[in-house]
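Engineer: There's a structure below that I have some questions on.
Derivation of every value follows stated rules applied to the coordinates shown; laboratory data play no part. What you see is a predicted model, and the numbers here were worked out from it, not measured in a lab. Here the Cβ is made from the backbone with ideal geometry for all residues, glycine too, and neighbour counts use every protein chain on show.
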Amino acid sequence: MKKGRILMICSFVFISSLIYGQDYTFKVLANKGANEMKSGDTWQAVKTGASLKSGDEIKVTENSYLGLVHATGKPMELKQAGSYKVADLAAKVSGGTSVLNKYTDFILSSNSAEAKKNRLSATGAVHRGLEDIKVYLPENQYAGIYNNIAIINWEASKAGGPYTVTLKNMFDDELMKTDTPETTLQIDLKDPKFANETAILVEVKSKNDSKSKSEQHLIKKLSPADYEKVKKSLAEITGEVQEVTALNQFILAGFYEENKLFIDAITAYEQAIKMAPDVPSYQEAYDEFLLRNKLKIPK
């Protein structure tokens, strides 16, 4: 009994240290609309990356949205118009893992004004070759994929659609060939066509101009050892992001990018945007992700 009480007190002290060791209660990860925050006696516009303290107040306007993360790592979405006291929102938070802050901090720093400035001032090659069709897939050393769903996107500088997408194995055997008028294709690696393959080569061509094509890109299943390593890391945050929300998919995108799983990050970004298409923060962060990782050519 005494031992259990000591453990309970230690747990309380640990959680309290996580909260009060931070200089904020929530951080703003995503924002849509003319939302405002009151710190002291002053109201001001909410900005992505802003820190909210316990004594602050938030005003969410009609048809607006806020994606917040608590100091303990617990995500929270606000979609209903109204005024909220930050202390009241914090009182609703239970659980949370400080490990998640590693990825939310990574997201905020990657999308900061300073990060964008550094990217714009960086020199050097921004893409491979002069492709007529640019596929948003990474270099081969970052071609690993943890999940089964891969979303392949591309843009064409000259010829338009329709497009022919060809998927082959490493022996150049054709696994699938499909035509599409879109500039995106989703594949499921559990499909019997791919189930026995550890690596797949992707190429996109213009159906109307055979000379207009992309380079070959690789999608590679992780080795069992690497898969277990990612699974273990993901398990540390899964409890906080298991609900399927746009904010949680956004956080997962940060996790995958931090672990150099760019194909998984693309899928997570796409899902976040699909669930919240009117929240510009997610599309802007996705575009920035593609640019900083050289997956997309800057205009």
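Engineer: Å³ per residue of the Cα convex hull, for the chain?
Structural biologist: Convex hull of Cα atoms, per residue: 168 Å³.
Engineer: Take each of the peptides 132-143, 160-171, 37-48, average the number of other beta-carbon atoms within 10 Å over its residues, and list them starting from the highest.
Structural biologist: By packing density, highest mean first, the sequence is 132-143, 160-171, 37-48.
Engineer: Where in the stretch 54-77 does the amide nitrogen come within less than 17 Å of the point 7 Å from the Cα of Ala87, taken along Cα to Cβ?
Structural biologist: Correct set: 54-59.
Engineer: Just name one of Ser64, Gly95, Leu52: the one whose Cα is farthest towards the positive end of the charge dipole of the stretch 20-96 (beta-carbon charges, Lys/Arg +1, Asp/Glu -1).
Structural biologist: With unit charges placed on the Cβ atoms, the residue in question is Gly95.
Engineer: While we're looking at this one, here's another question. Check the straight Cα-Cα distances from Lys85 and name the lysines below 23 Å, setting aside those fewer than 8 residues away within the same chain.
Structural biologist: Cross-link targets: Lys27, Lys32, Lys38, Lys47, Lys53, Lys59, Lys74.
Engineer: Using a simple spin-label model with points 7 Å from Cα along the Cα→Cβ vector, what separation in nm is obtained for Lys207 and Asn147?
Structural biologist: About 2.8 nm, to one decimal.
Engineer: Then there is this: Among Val165, Ser39, Tyr227, pick out the residue whose Cα is farthest towards the positive end of the charge dipole of the chain, where Lys and Arg carry +1 and Asp and Glu carry -1 on C-beta, about the Cα centre.
Structural biologist: Farthest towards the positive pole: Ser39.
Engineer: Taking 7 Å along the Cα-to-C-beta vector as the label spot, tell me the Lys232-Phe171 distance in nanometres, rounded to one decimal.
Structural biologist: If labels sit at Lys232 and Phe171, their model points lie 3.5 nm apart.
Engineer: Please list the three semi-axes, largest first and in whole Å, of the ellipsoid equivalent to the stretch 33-142, using sqrt of 5 times the eigenvalues of its alpha carbon gyration tensor.
Structural biologist: Value: 36, 17, 14 Å, ordered largest first.
Engineer: Let me ask something else. Which residues does the label zone of Ala199 cover in the stretch 222-246, counting backbone N under 17 Å from a point 7 Å along Cα→Cβ?
Structural biologist: 222-227
Engineer: Further, regarding this structure: What does the charge add up to near Ser109, with Lys and Arg as +1, Asp and Glu as -1, over the other residues with Cβ less than 13 Å from its Cβ?
Structural biologist: +1
Engineer: Tell me what the chain gives for mean residue ellipticity at 222 nm when only DSSP H runs of n ≥ 4 count, each as -39,500 (n - 2.57), the sum divided by the residue total, rounded to 500 deg cm²/dmol.
Structural biologist: Using -39500 (n - 2.57) per qualifying helix, the result is -11000 deg cm²/dmol.
Engineer: When only Cα pairs under 8 Å and 6 or more residues apart are kept, what is the percent relative contact order across the stretch 20-96?
Structural biologist: Reported relative contact order: 32 percent.
Engineer: Consider a paramagnetic label point 7 Å from the Cα of Lys53 along Cα→Cβ; state which residues of the stretch 85-116 have an amide N under 15 Å from it.
Structural biologist: Flagged as within label range: 86-87.
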